[in-house]
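FYI, it's all coordinate maths here, none of it is from the lab. All values reported here derive from a predicted model rather than from experimental measurement. All Cβ positions, glycine included, derive from the backbone under ideal geometry; neighbour counts span all protein chains shown.
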């Protein structure tokens, strides 16, 4: 008896996880797929079976297409900049031991600030009347007249991105710093003996050795960025127009402002499909670069 | 030390100081704003208060919304959900890594859950929570946050477990330890630093979580801090001073936590990006 | 694990500190000693009818103070405790629908934005009040209700679901100091408004003074309200008499063109200015004109939040141009109050509704700072209210009621207002021409309505 129990104990250990997954991941997914084929509203789930009408509507829905594009644009731009900046920063301070420890502790702050508070902070900074930006831009004579960063069709999206970059660059910095610290010492010592220039060492040694891991950091953050919701909800509510409307936010509007949950389910499923494809590529990519880094 | 080294150190120093300034400036600005006189906030965006300092905003923030209740709710949800996450995640990761339990399905399901944007499952989770009659209760939010954090814990702890030499466990089995005992007595002590940093990350993620809390909480009995401040508008429209004070009240505990554990967090995060 | 204990104790400590810091009282309640004393003497002599009962009242942020006063008065009179739950003004319908459809059933009484009435009824959120109206007809003095709100805020398909609570309308306010400085006079048409706004902005923008603040932020209540101020005065409407959408009529397009042109000279940037930004610009003397609700004077004359005390004037919204042009006062915002269909304490909730509906109570809650405007003719004649609001405003409100226009309240409206908001916002930032934006809206509306 005891032996039998012992044999299946690995499986027992996984039971709680399975229960959780079934309740909060598998059942919800089945729910999403089935309600996407109906005309559900929040008050009347699974009302009228309408086959694929929601999907037909979704494919023709300009707003949805635009919001998906916005999501990818956002994720790609912020992730690239954050990884690049994070890496350059890590490289610049790598030699200064005491300072970089302090720096890393402080770098933890933005990423662990509640996104809602981050949005509030940036809303205040961008505000035309009370904001830091307008005050100093005007005082230093860089701009004349007030700028509504979040209401301008050209500035709104970059402003949201900037808030995200403030929050997440430190995260990329910490990961890149760890990657740089983990590099083998021997090749660098050899290079110094050979008298290679700093640039050559960077180009020939550092970059090739560390690049796979930097890419891993990039991919990890990319997946986080695709879920963006809070910043948009708090800063612009998708506006002006639909310029900053990302997919998560659009689905939220359809489901909880228009109460059209059937259509929201169809949109959700399509979004999930696209993200799964990207994620699969990402995970394959991650494994590939992981192997190269070992 | 060569001159080139000194130059690169000075450049590094300058960059580091610039980096620090950019990180801290917004936080300092909000802290300063919370101490400004309300009318000054409406007219000027200078960093530091020009017309004297007042604690009025802090008093009003705590008086106008039940901020204490929100902070209490957030604390309960964050601590409970973190404990549940760890209790479920540690055995699962161990068994998946060591015994390949669940084959390829279980790990990819868990990672899939991580990739999934929360908005996708809000409507069904809304329905499930309703069926279980857990709406507007902290328990409901605790379960959802645990679920949300399991994949994250998986990601963060994975490399710690992989790094344990399997020989240690074999030795334990030979000594008559059951697999479960091995996990508790041999493996757990070895991955404790990882568990610690994972726990802190989960704690903070739950504290910060917005979307589920937005949809699953209704009354002050269950609203968490992010929902509380997102709905914070004064009696006469938006009051940045009061909002800043309210936001800081929720940020400060997190920052203290981060400072206490900064070493573990830096290490834990660093590893998660590097390996498995 | 030591560290965990440390953290736990720090968190507990924090919670304790916060608890200690927080004064236990809710927001201050405006003192009215005589009335309170009366209530006290009542309490001493008679048993309060609802003693020991409790209800929950869902209300919006701008109504916080008024709602808390109502709660206190009701408790004094009946002994029933009222918990006031506050949400942002544009979330209230969503919150009420979620409360009922999720099965939480937390709220008893709901203060809702009236264009959501159809949605609320469709989702079974509001209790049918036909019987209640019939039973209490005499006490409610229904003829005293301002005709603009009487049915629109309360009735769907001939059935009553609510009672008018807050009769918000827009008027045009101007800053007398700025007008004087730049030699401007109060505009009576939108064309004049444009010229005035342009003249002030061109001369004053360098000093941070703008001719007008236009609320164009992407929220239905805000943006559609601003648009309706123009749509109505150019003689356009959302629907024709048969309920067919007419959102791309020539008048509607002219109205949007006017809005887009004006926005160019407005406080930056119209597309990001909501309630709060407009107030900020107005209170600090940065905006010379603002279209706003009738409760603005009280706030403007409060030296704690405003630096332009006494330096303002008010008039009706300007007129459009073209043959259908007229003077309008659009009922943007405006709130009804109803009882939740799943109210946990329906009896006490109905009593509370009756209490709020009483003419003497209406006169009282209208004289409390807190964003509530009269729904009864008698309040407009009430000396206490006239003194509180100022004669200018009361006269302006009376004139405005002759020209009032309201929003649709059908069950489909919440679905319809989202594409309209998007398209108006797109036109405002120049992504679409007004014609194109409204044509697109019309097409989407036809699709949603299945026409």
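Of A:246, A:193, A:27, which is the most mobile in a GNM of chain A whose springs link Cα atoms less than 10 angstrom apart?
Looking only at A:246, A:193, A:27, the largest GNM fluctuation is found for A:193.
What translational diffusion coefficient, in µm²/s and rounded to a whole number, does the Stokes-Einstein relation yield for segment B:67-231 at 25 °C and a viscosity of 0.890 mPa s, taking the hydrodynamic radius as the Kirkwood radius over Cα pairs?
Rounded to a whole number, D works out at 144 µm²/s.
Dividing the Cα radius of gyration by the Kirkwood radius, what Rg/Rh value follows for segment B:85-161?
Reported Rg/Rh, Kirkwood definition of Rh: 1.03.
Between segment A:120-163 and segment A:32-80, what is the separation of their alpha carbon centroids in Å?
33
Could you grab the relative contact order for chain B? Cα pairs under 8 Å, six or more apart, rounded to a whole percent.
30
Taking 8 Å as the Cα distance limit and 6 or more residues as the minimum spacing, I'd like the relative contact order of segment B:67-231 as a percentage.
44
How high is the relative contact order of chain C, given as a whole-number percent (alpha carbon pairs under 8 Å, six or more residues apart)?
23
Go ahead and estimate [θ] at 222 nm for the protein assembly as shown from helices alone: -39,500 (n - 2.57) per DSSP H run with n ≥ 4, summed, over the residue count, rounded to 500.
Per the formula, -19500 deg cm²/dmol.
Put a dot 7 Å past each Cα toward the Cβ at residue B:99 and residue B:162; how far apart are the dots in nm?
Taking the simple label geometry, residue B:162 and residue B:99 are separated by 2.1 nm.
Please determine, in degrees from 0 to 90 and to the nearest 10, the orientation of helix B:3-33 with respect to the longest principal axis defined by the Cα atoms of chain B, where the helix direction is its Cα long axis.
60
I'd like the orientation of helix B:118-131 relative to chain B: the angle between its Cα long axis and the longest Cα principal axis, in ° from 0 to 90, rounded to 10.
80
Using Cα centres only, tell me the gap between segment C:105-158 and segment C:222-285 in whole Å.
Computed from Cα coordinates, the inter-centre distance equals 28 Å.
I'd like the orientation of helix B:138-162 relative to chain B: the angle between its Cα long axis and the longest Cα principal axis, in ° from 0 to 90, rounded to 10.
Once rounded, the angle reads 60 degrees.
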